[in-house]
Every structure is written in structure tokens, then in C-alpha cells.
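For reference, the structure discussed in these notes is given below.
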Amino acid sequence: MGAAILLVLVIVALAAPLLAPHGPEEIDATRVLAGPSAAHPFGSDALGRDVLSRVLFAFRASLGVAVGSVLLSLLAGVPIGLVAGFRGGRIDGLLMRPLDLLLALPALLLAISLIAILGEGSLVVLVAIAIIYLPIIARVMRASALVVRERPYVTASRSRGVTGRRVMTRHVLPNAAGPVLVQATVLMGFAIQVEAALSFLGLGAQPPTPSLGLMLLDGYQVLRQAWWVDVFPGLAIAITVVAFMLLGDGLRRRYDPAGVAE
Amino acid sequence: MTLLELEDVRVDYTRGDGSSVSAVAGVSLTLEAGETLGLVGESGCGKSTLAAAVMGLLPTGAVTGGSARFDGRELGALTAEQRRQLRGDRMAMIVQEPQSALDASYSAGSQVAETIRAHRDVSRAAAKARAIELLEEIGIPAAAERYGDPPHRLSGGMRQRAVIAAALANDPALLIADEPTTALDVTIQAQVLRLLAEARERHGMGMLLITHDLGVVAQVCDRVGVLYAGQLVELAPARELFAAPRHPYTRALLAALPGPRDTLPTLPGRVPDLGDPPQGCRFAPRCPLAMPKCSVAPALEGTGHQTACWAVERPS
């Protein structure tokens, strides 16, 4: 179910330029806050821009940030968690202690501080979300590696003289990846929300770039006159998050029955 | 030629709360090339810990003492990399739970080849060819076609054969078999034991067979060591041990074998807590022959048939 919805969503995101009936930044003074119609199924906003086209492009950008941020955190978090869990002892402490510190800070506060340092923009948001997720990914990877490294086939491969590095990458990693996959999926859903929240606060994408968070902010100001400006981007966020959650649940049943992912 | 020489080997595990568990308490034994030595005892008596200590596969936090020499080399003096080079090459192990000793992410055959490539500088193709040869030798029909089969597509007996093929891949001088037949049904058990015996004869390999199955021991072992709570209480030629057990624990163990009797005798008391083991002989609290002297651990004494017990008459 989740996979099917997501497949459609990804296709929509990729094909946004083809699907959008109008340019996302096309201003039309004659259509200010016009309601849904055949030509503009989602209506238009305060500047007469087509809401459907804007939602499509904004969704494309948000999904890109969400996927990119999780991939970035996987790239750093998986090796850290794997080595920490597999080697254990002092290396474990050395690698995980700084990440625990990161985890102790509230996520949004962390993101806002990072943006304050690095400046606004989608790329900064992507990096900020990746940093927020890094300790989560690393911890799940570590916990999973800790379980897998005690499995008989791991001891068996060591007893055959397979090098530690190979045991870790060839035997522990593939068998420990399931819960990380589940966690990453769930985090992508949350990333859509975080990206929207940061843009809503004016810390993410900058106008006129279409962004779901920015659209919510625009629509919020005219909510009483034109509900459609807010509702459609809101729905886009909700549907995407739900789809990721459903996919995460499905993957969890299959790849993480023990519930290692948080 | 003496292959393995253990002298007063001790292994302590450190528990999370800082206390320690004495899993192996001063075990001394030797294993000759071509010999099969059985190690028997209840679960938790230190059999597997002893095997892990020899292989260099103890978990972190384990503290070892005493001396273990393999091929005349002191194992404790070797680096981690030197120990790795021994594992799977000169010394091999069939781990407990052989049914899950193969990684389900790879084919059984490729794990045999992996063992070869861990020690020999050969091409992927050459390792595969050799692995197929080994699988064929060990009795897997049409090994070339089955090479790519994932472990779950093999029957229990076939999987166990693949595990043995991986262990024997580099012609080890020492094979430690930790409960190699436990999860198998009786007919396959017999086949596996025959395979191991054949391999031993072909390569003159020394074998340390760890089991709690006295029937298996009687079938294949030259000598038998009996472990109780981390102490080796008796070490004797198999025939002699079964015919004339001397240590009170061995006697109780053999008496507990089911036979044509109405009732099974049981041994009163329970295995001591190894976090706080009894002083001296650890069997003393349950021993019908216990005496004050037992608070000092008796050494394993005797020639040929060795016993660690004050109550047993031993040739000095």
C-alpha cells in the first residue's frame, strides 16, 4: 500500500514539469485567490499563481530534500554505527558518545542553529536534517550490528579466518541492514515535515521557490478567504508522510520483526 | 607429535556489574596429531569456552591465563592477525549450531571458497573450483550445480556437509568440532561422524570433539576428558573411561545414561554458580566421597588414566 502510493508520488514528482498545467511562478492578476475551476483545479493564490502547479513543483523539491537528507545521513551513519557495534569497547564509546550529545539537543533547535550559522536555503536544510538524523541512523545500525555479530554464522566466518573487515562488511552489514532500511523510510516521512516546518518559519526555501512550507505560510495568511491555498499543500504533506509510514510498517514486518528500529 | 598442549588454562568472563565468572579453571591436556579427544560435560561446564580460547574467538572482556601451545607456538604470544591466519588454515572449528553456521545471504559453496581465499592467494575461479571439489569429496552430489544454492535450499545434512567442507578447506592440522551432530537426526549423525573420521585419517588431523553425547564419544574418540564446572576431572582412554570410571562425577554421569533399568539415578544438588565457585574441587559440594581435603583442588594425576580426585587411589 505504502509502496504503491509512494511509487505514484515519485512519478508525479519526477514528471512535475510535464504534469503542471501552468508555470509555478506565473503571476496572473486577474485570478487573485480564485477558487478551484476546470482550468485551475486547486484554485490560485494571492498572486494569481496556479496552486496545483505550485504544489507539484513544491512537492518535487520537498521530496528531493527529504530523500537527499536521509541518504546523506545513511552515508555517514551506517559506517559509524557498523564499526561501533561490531568493534565494541572503546571504539564504540569514541564513535557514539559525540552522537549521543547530538541526540540530546532538540531537533528543531539544532536545525535553526545550523541555519543561523550556514544561512538559509534548501541545501542547508538538507544538511541540517541529515545531521539531525545521523545519530538515529547510527544508533539503529549499531544496535542491529550488536545483535548480528553474535549470530553463529558470524562466529563461524571468523573461525574460518575471514578478516575482521570482511566479516563486518560482508556478513554483518547485509544481515543487519533491515532495521536501518525501516528507520530510513520512516525518517524520510518525517523529513518532509521538518523541511515544511523550517520553510514555514522562513528558514528553508526562499521565495519565489515553490515549497510546501512556504505555501502553507502564504495560505495561512488568507485562510479565511481561500482555503484551497493551504489545504492542498497540507494534503500533499499528509499523504506523503502517511505513505512513508505505511511503507515503513510494511518493511518492518519483513526486515525488522524484532523491532530494532525506533 | 604433540599438536596442542594446554597447561593450566583459565578463562574468566567479566560481567556487566564488574564481577567475574570463572568459566575454565586450570585445564591441562594434550592432543596428538591424528588423535581424537572427546570433551564431555554438562552445558555450562566450559567446553565451548575452552574451544573459543584455543581458536582465539573469546568475546571481549574474557581474561585468560595459563599456557596454550599449538604446533609448539605459544598462542597467547601471537598477534590478532597471526591468530586469524591460523584460524581456518592450520586450525579449524565447526561451531555449535551448525545449522545456522552459514550466512543466509550467500550460497553455501561461496562460503567454502571464502575460506580458501582468506588464506590462499588464488583467483576467485580457482577457489570456486577447489570448493566444488571439496563439496564433491564430502558427499554433496552434483556439487557444481549446487554451488550457488543458498543454505536454506540445502537439507540439514547437506548444510552440515558444507560446513564441514568449509572447515576442512585448507587441510587443518587441528579440528575443533563443537557439538557437530547435536541438531541432526541419527542417520545423518552417523554419516557426519564417519566423514570426520575419514578426514582425520586422510590428513592425519587431530580432532577435539566437544559434545554432551556420550554415545558419540564412545564411537569415535581415542581419549576422553570430562569437564565439570570448568575443571577437568578425568582424562582417560575412551575404552577405559567407560569400563572403569574413577572420578565420582564421571561415575555419576555414566550411571545417568539410560539403560535397561527401571529408574534413572540422579545426582543430588546442582552445578555451582561459576561467579562464586566452591574452593578447591568444584564437585565437592555434591560429591558422596567429599572430605575436608577437597577444599584444595586436586591435580590431574596418573599415567594414561588421569583423575583429579583426592578420594581416588592414584599411582604417584
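The values are calculated or read from the model by the stated rules, or taken from the named source; none is laboratory data. Because the structure is a prediction, the values reported are computed rather than measured. FYI the Cβ positions are ideal-geometry reconstructions off the backbone, even for glycines, and counts take in every protein chain you see.
If the condition is being under 19 Å from B:Met158 (Cα atoms), among the aliphatic types (A, V, I, L, M) and surrounded by fewer than 17 Cβ atoms within 10 Å (Cβ to Cβ), then region B:109-138 contributes only B:Ala129. Annotation note: of B:Thr211, B:Thr181, B:Thr187, the sole residue that is among the β-branched types (Val, Ile, Thr), free of Cβ contacts under 8 Å to residues at least 40 places away in the same chain and closer than 16 Å to B:Gln96 by Cβ is B:Thr181.
Note on region B:117-147: residues that are within 14 Å of chain A (Cβ to nearest Cβ) and not in a helix (DSSP H, G or I) amount to 2. Being at pLDDT 85 or above, surrounded by 15 or more Cβ atoms within 10 Å (Cβ to Cβ) and under 30 Å from B:Thr60 (Cα atoms) is a property that does not hold for A:Phe59.
I need every pair where a residue in region A:1-28 that is without any contact (Cβ under 8 Å) to a residue 40 or more places away in the chain and assigned to a helix (DSSP H, G or I) has its Cβ under 7 Å from the Cβ of a residue that is surrounded by 14 or more Cβ atoms within 10 Å (Cβ to Cβ) and not charged (D, E, K, R), sequence separation at least 6 or different chains. If the second residue must be surrounded by 14 or more Cβ atoms within 10 Å (Cβ to Cβ) and not charged (D, E, K, R), the pairs left are A:Leu19/A:Val12; A:Leu19/A:Leu56.
When region B:29-51 is filtered for residues that are surrounded by fewer than 18 Cβ atoms within 10 Å (Cβ to Cβ), in a strand (DSSP E or B) and not charged (D, E, K, R), only B:Thr30 remains.
The residue list B:Leu254, B:Leu289 contains one member that is in the same structural domain as B:Gly44 (by TED's automatic domain parsing), more than 20 Å from B:Lys47 (Cα to Cα) and hydrophobic (A, V, I, L, M, F, W, C), which is B:Leu289. Looking only at residues in region B:87-108 that are part of a helix (DSSP H, G or I) and surrounded by fewer than 24 Cβ atoms within 10 Å (Cβ to Cβ), the one that is farthest from the other protein chains (Cβ to nearest Cβ) is B:Gln99.
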